[in-house]
Amino acid sequence: MKKRKIVLGFLIVVFGLVACNKNQPLKLLADSKLSPDEFFSKIAAMDIQTSNDENVIYIDVEYDKKNNTIKYLSSVEAEADFFVLDSEEEIQKRIDKGTYEVTCKGTTGEFNESCEGKVSCGKLIYECLQSGDCATICQNKIVYVPQNRTFYIE
């Protein structure tokens, strides 16, 4: 009987931890310095879901331009402070193809491009971060919209 209580208690703790990680998987990136390719591939591999379709994930990162690394600082789910204008048809095409969209608003220009995986998406994220005013290390915000597989970087 005592063993059953211990096993039951252990299972409750394990299920609780799994449930917490499911809701906030980005926290697993804490204290990691990743290349843009690695950063993208880790986020793309996570099953990130928002509590409703109006919300997005705001991700605060630190970009080290010299070493070309991104360090996750924090993230929060919140209602988008901008309009997501993709049509349902565009979103479905992206999901069916397995592609992502990277939208960049840098100081030297803007672009909106599709990418298919770690290398192409990581390259676009790198190009966007390089286009900013950052001289060495700077903080950036990346907005990820899991519903339409889009990264917005400013």
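Rule-based calculations on the coordinates, nothing more; no lab input. Please read all numbers here as calculations on a predicted model, not as lab measurements. Virtual Cβ from ideal backbone geometry, glycine too; neighbours counted across all protein chains shown.
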According to a simple spin-label model (label point 7 Å from Cα along Cα-to-Cβ), what is the distance in nm between Glu62 and Ser35?
2.2
Pair Asp96, Ser74: separation of 7 Å Cα→Cβ label points (nm):
4.1
Listed pairs Lys66/Lys105; Lys71/Lys123; Lys65/Lys97; Lys66/Lys97 exceeding 28 Å between Cα atoms:
Lys65/Lys97; Lys66/Lys97
Starting at the first residue of the range 140-148, write each ³J(HN,Hα) from the Karplus equation 6.51 cos²θ - 1.76 cosθ + 1.60 with θ = phi - 60°, in whole Hz, x for Gly and Pro.
10, 10, 10, 9, 10, 10, x, 5, 10
Tally Lys and Arg at +1 and Asp and Glu at -1 over the other residues with C-beta under 13 Å from the C-beta of Cys104: what net charge comes out?
-2
